[in-house]
Amino acid sequence: MLGNFTYCNPTKLYFGKDALEGLDEELPKYGKNVLLVYGGGSIKKNGIYDRVVAILQRNGKTVYEDPGVMPNPTTEKLKEGCERALAADADLILAVGGGSVCDYAKAVSVSAHCGEDPWEKYYLRFEEPADDLPIIPVGCVLTMVGTGSEMNGGSVITNRAQKLKIGHVFGERVFPKFSVLNPEFTFTLPKYQMISGIYDIMSHILEQYFSGTDDNTSDYLMEGLLRSLIHSAEIAAKAPLDYEARSNIMWIATWALNTLVAKGKTTDWEVHMLGQAVGAHTDATHGMTLSAVSMPYYRHILPYGTAKFARYAASVWNVDPRGKSEMQTAREGLAAMEAWMTQLGLVMHLSELGVTEGMLEGIAKSTLVMDGGYKVLTAEEILAVLKESL
Ligand code: NZQ
Ligand code: ZN
């Protein structure tokens, strides 16, 4: 049941080993002042910074810098970024980094001129930018794969004082205008980050897959993406420099969360709400917060969506359903997923991320409740899932 929707994705992608050359095509479209946003320094070590700056210079740009975007970017950093963007009179924000850098660039782009506290406006009140608000265009050079931030309007910001980590999914005006996707730029990622990103991708797909009971093309697309992800992840875990596997993973990440597979469906996102609450209390790596809570959550909602879990088992994990009840098939699928996650080296327990029993009530309070999946969790159920994840 696909229902009514509109679909438009305005982000232009440059993909492959030569993708950075796309900057020469894009940069002339914007004014002289470029705010170059990046993280804690990985791009200086692996040479991407020098290559980007050289292209900016040959295109006659004046480069202003905004370094030090931390994983899970904060409200304080966002305030600083808005000041830098205004001081630079930025015509373009060029984000060079992972999801944190891209998310942050989008937050700055929509906040610099808004004249209000962006945390309260966009992340607590969930207001949209006014139609006449100037939004600074953003372009991305992606160096870490997982979030899909390179081709969506998502922007997740953490308020450490309030212990809240909240995402706002902005509309098309805030999507990156262009993104450069060179799989080789991800080769220097530590393995922990690579597999965290792989699970982030899997989780994005599952958040959109485990909902509804209708026959929906989006579900078939997602099964294909999952099969390809599982295959390439196994190769990349053994041979991180395998270009074919890493390029497939990069492409899957983009399609997992560029709005396509959500069309005509309800979606869940409760795993992300649990993971983001964990992130707000621990500052842990995003994908690992998701892997730690996923199995207890899926086993908890299994009775409410058994048919879909059985389909998932057969279509994605090759479980043979013959002679088995739906519930048996579904359970075998989750067991196969759990074994795969453990084999990949993902974090399977919150305690590994520094969570203690005493923190669980606070994390439960920071968890937003979604209503698009198979079960709307009560406060007690959220706490129970977190306890089981410990
Ligand atoms: O800061 P640097 O030094 O660059 O190091 C980063 C960072 O420490 C490092 N890194 C990135 N590329 C590298 C590299 N190290 C070596 N070589 C490279 N090529 O990796 C670390 C993690 O980077 P980060 O950007 O934080 O990771 P990720 O891409 O997973 O982004 C996480 C953020 O995105 C949000 C998360 O909540 C989190 O705040 N999300 C955004 C979404 C969206 N826009 O739709 C959806 C996601 O579900 C997610 O919530
Ligand atoms: Zn995610």
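The values are calculated or read from the model by the stated rules, or taken from the named source; none is laboratory data. Predicted model, so just to flag it, every value in this text is computed and none were measured. Using ideal geometry, Cβ is built from the backbone for each residue, glycine included, and neighbour counts are taken over all protein chains shown. Side chains are part of the model used for accessible areas, which takes the heavy atoms of the whole protein and leaves out ligands, DNA and RNA. Shrake-Rupley method; radii C 1.70, N 1.55, O 1.52, S 1.80 Å.
Within straight cross-link reach of Lys79, meaning Cα distance under 21 Å, which lysines are found once same-chain residues fewer than 8 apart are removed? Counting by Cα, and skipping residues close in sequence, Lys79 has these lysines nearby: Lys106, Lys121, Lys163, Lys165. Among the chymotrypsin sites (Phe, Trp or Tyr not before Pro) within the range 90-165, those in coil by DSSP and having at most 15 neighbouring Cβ atoms inside 10 Å are Phe126.
Ignoring lysines fewer than eight residues from Lys45 along the same chain, the ones with Cα atoms less than 18 angstrom from its Cα are Lys191.
Straight Cα distances below 17 angstrom link Lys324 to the aspartates and glutamates Glu332, with same-chain residues fewer than 8 positions distant left out.
Relative contact order of the chain: what whole-number percent is it, with Cα pairs under 8 angstrom and at least 6 residues apart? Relative contact order here is 16 percent.
Taking a Cβ cut-off of under 13 Å around Ile382, the surrounding Lys, Arg, Asp and Glu residues balance to a net charge of -2, with basic ones at +1 and acidic ones at -1. Checking the cross-link pairs Lys17/Lys238; Lys263/Lys387; Lys238/Lys375; Lys177/Lys263; Lys77/Lys263 against a 25 Å limit on the alpha carbon distance flags Lys263/Lys387; Lys238/Lys375; Lys77/Lys263 as lying beyond it. Loop-located GluC sites (Glu not before Pro) across the range 91-170 with a Cβ neighbour count of 14 or fewer within 10 Å are Glu116, Glu127, with loop assigned by DSSP. Counted over the chain, the DSSP beta bridges are approximately 20% antiparallel.
Averaged per residue, what accessible area in Å² does the chain show with a 1.4 Å probe, protein chains only?
On the way: 15610 Å² over 390 residues.
Normalised by residue count, the accessible surface of the chain is 40 Å².
These residues, Arg84, Arg331, go from largest to smallest accessible area, 1.4 Å probe, as Arg331, Arg84. In the chain, the portion of solvent-accessible area held by carbon and sulfur atoms comes to 54 percent [1.4 Å probe, whole percent, DNA, RNA and ligands not counted]. Among the protein heavy atoms, those of Val145 account for about 20 Å² of accessible surface (1.4 Å probe, every chain in place). Measuring nothing but alpha carbons in the range 191-389 and taking Rh as the Kirkwood radius, the Rg to Rh ratio lands at 0.95.
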